[in-house]
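Below you'll find the structure I mean.
Throughout, read-outs are computed from the coordinates displayed, never taken from laboratory work. Worth saying up front: this structure is predicted, and the values here are computed from it rather than measured. Here the Cβ positions follow ideal geometry from the backbone for every residue, glycine too, while neighbour counts run over all protein chains shown.
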Amino acid sequence: MKITDAKVIICSPGRNFVTLKIYTDQGIYGLGDATLNGMEKSVATYLTDYCIPALIGKDPRNIEDIWHYFYRGVYWRRGAVSMCAVSAIDMALWDIKAKTLNTPLYNLLGGRSRDKILVYAHSNGANIDETIENVGKKIDEGYKAVRVQCGIPGLSDAYGVAKEKKSYEPAHKGLPPEEKWDTSLYLNFIPGVFEKIREVYGSDVHLLHDVHHRCTPVEAARLAKELEPFHLFWIEDPVACELQESLRLIRQHSTTPIAIGEVFNTVYDYTLLFTEQLIDYIRMPLSHGGGITHLQKVAAFASFYHIATGFHGATDLSPITLAAALHFNTAINNFGIQEYMPHQKIVNEVFKINYKFENGFMYIDDSPGIGVDIDETAAARFPYVTARLPVNRKSDGTMFNW
Ligand code: KDG
Ligand code: MG
């Protein structure tokens, strides 16, 4: 079997997606998601100019070797752009292999470990009353787990809060918008939000919260400790985690579970976090963390330390990543939860999906491969739109983490 061609499809049905399509001499093709929010064209160029010419002629069945060709074989390895490209290649190759064997992807990853995948919804509000009301709506829709973000009094911007009652999408057309941030206002306010939500909805619903890298280690330790009575499923990205050791401080002060890694892209971002058991959930998604081949190893490594998966699943990951993640989550033992932020309906004009949400869980069907297809004629109707993620400044103007 040989790879005969490959191409990159960029489209924007409501938001940008980059898709890699790999063709073989047996008429079977595979799809991989290469979307990196706000940096789409960098990955597309890397794939088109550097990776695709080297892919042609290779045997797509040799996934492990091809993975190492584009990781180990590349002198300037790692980093978000190149790992996103490696991930897309890897996903497309697994798609080809599973289609060739006429079986759903999860069968190649160990078969079924569960029937359904627990997911968490996003909920947010401009103020505490709106937030409480919106959490109730998600519970009514059947969700068993809800991520809660809330506007902060005195702050014009808070991470994860939709403006003008639209659904939350952080990327904006044109240059990056500048947001304003004040950690002490945030820290003083957020524990009270969770206290109120527990009062209103009781203790059964799983509650999650994304700090989005905005605390120092000692601030994060305070937050995790103050949230402890409300038994969160996790706090996410409490600190900007270039310094893995900073997690020790949070751990020493609190039993609130910690999820980290949506901006990570290799196992080397996790080694200390695993071996010292400093976190509870892995966020690194298949589309940024080296695809199925690498995440299998990362998840296996994590499993020895009782750490589970909780993959990133925002709308900037395409339906291909979501479907691949559902296969992966179906197969592995140490699955924890999957983020689920439904794509706008218009996305389904381009991507034909094979999963559904029902009563708090997601289900993937048994179509061969990853099971998602792309309609290229429809994709051509939605050309790329330049859109960038915001930057963030403290209220005195100092540049900060977004
Ligand atoms: O592109 C950035 C988003 O994917 C990110 O802000 C979403 O933090 C996020 C989450 O947890 O879904
Ligand atoms: Mg996040």
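Farthest toward the dipole's positive end in the range 3-104, which of Ile52, Tyr69, Asn16, given Cβ charges of +1 (Lys, Arg) and -1 (Asp, Glu) about the Cα centre?
Result: Asn16, furthest along the dipole toward the positive end.
Return the lysines within reach of Lys196: Cα separation strictly under 19 angstrom, same-chain partners fewer than 8 residues apart disregarded; answer none if there are no such residues.
Once the sequence-local lysines are set aside, what remains near Lys196 is Lys137, Lys138, Lys144, Lys225.
Set the Förster radius R0 to 22 Å, insert the Cβ-Cβ distance between Arg393 and Lys163 as r into 1/(1 + (r/R0)^6), and round the FRET efficiency to 0.05.
Working: r = 18 Å, r/R0 = 0.80.
Step by step, r from the Cβ atoms, then E = 0.80.
Tally the DSSP beta bridges in the range 284-402 and give the antiparallel ones as a percent, rounded to 5. Please list the in-between numbers first.
Details: 8 of 9 bridges.
Beta bridges within the range 284-402, antiparallel portion: roughly 90 percent.
Let me ask you something else. Arranged from highest to lowest average of other beta-carbon atoms within 10 Å per residue, in what order do the peptides 7-13, 249-255 appear? Don't skip to the end; give the middle numbers.
Numbers: 7-13: 19.1, 249-255: 16.9.
My ranking of the peptides, most packed first, is 7-13, 249-255.
Scale the Cα Rg of the range 3-104 by the rule-of-thumb value 2.2 N^0.38 Å and send over the ratio, two decimals.
Details: Rg = 13.0 Å, N = 102, 2.2 N^0.38 = 12.8 Å.
In units of the globular-protein estimate, the range 3-104 measures up at 1.02.
Also, I was wondering about something else. How much of the DSSP beta bridge set in the range 108-367 is antiparallel, as a percent to the nearest 5?
Numbers: 6 of 27 bridges.
Among the beta bridges of the range 108-367, antiparallel pairing accounts for roughly 20 percent.
Ranked from highest to lowest mean number of other Cβ atoms within 10 Å per residue, what is the order of the peptides 306-313, 175-182, 128-135?
On the way: 306-313: 23.2, 175-182: 15.5, 128-135: 17.6.
Listed from highest to lowest mean packing, they are 306-313, 128-135, 175-182.
For Asn102 and Leu185, compute 0.36 nm times the residue count separating them, minus their Cα-Cα distance, and round to one decimal in nm.
Details: separation 83, 0.36 × 83 = 29.88 nm, distance 5.48 nm.
Roughly 24.4 nm would be gained on extension.
List the lysines whose Cα sits under 16 Å from the Cα of Lys7, skipping any in the same chain fewer than 8 residues away.
Lys21, Lys41, Lys58
Sticking with this structure for a sec: Can you put Asp204, Asp365 in order, fewest other beta carbons within 10 Å first? Please list the in-between numbers first.
Values: Asp204 7, Asp365 12.
Exposure proxy ranking, most exposed first: Asp204, Asp365.
For the chain, with the dipole built from +1 on Lys and Arg beta-carbon atoms and -1 on Asp and Glu ones, taken about the Cα centre, which of Ile320, Leu207, Pro368 lies farthest toward the positive end?
Pro368
Among Leu295, Leu286, Leu243, which one shows the biggest mean-square fluctuation in a GNM of the chain, springs joining Cα atoms closer than 10 Å?
Largest GNM mean-square fluctuation: Leu243.
Helix 291-303 sits at what angle to the longest principal axis of the chain, using alpha carbons and giving 0 to 90 degrees rounded to 10?
50 degrees
Can you grab the distance from the C-alpha centre of the range 178-222 to the C-alpha centre of the range 18-39, Å, no decimals?
Result: 38 Å between the Cα centres.
Quick check on the range 74-149: what are the equivalent-ellipsoid semi-axes from the Cα gyration tensor, as sqrt(5λ), descending, whole Å? Working shown, then result.
Details: eigenvalues 271, 98, 15 Å².
Equivalent ellipsoid of the range 74-149: 37, 22, 9 Å, largest first.
Starting from the alpha-carbon convex hull of the chain, give the projected area averaged over all orientations, in nm². List each step's numbers first, then the result.
Values: hull surface 73.3 nm².
Reported value for the Cα convex hull: 18.3 nm².
Place the peptides 151-161, 383-393 in order of packing, highest mean first, counting for every residue the other Cβ atoms within 10 Å and averaging per peptide.
On the way: 151-161: 17.5, 383-393: 15.2.
Put in order of decreasing packing, that is 151-161, 383-393.
On a 0 to 90 degree scale, rounded to 10, what angle separates helix 183-201 from the longest Cα axis of the chain?
90 degrees
Want the number for Asn127 to Asp366: 0.36 nm per residue separation, take away the alpha-carbon distance, what's left? Can you show the working numbers first?
Values: separation 239, 0.36 × 239 = 86.04 nm, distance 4.25 nm.
Stretched fully, the Asn127-Asp366 segment lengthens by 81.8 nm.
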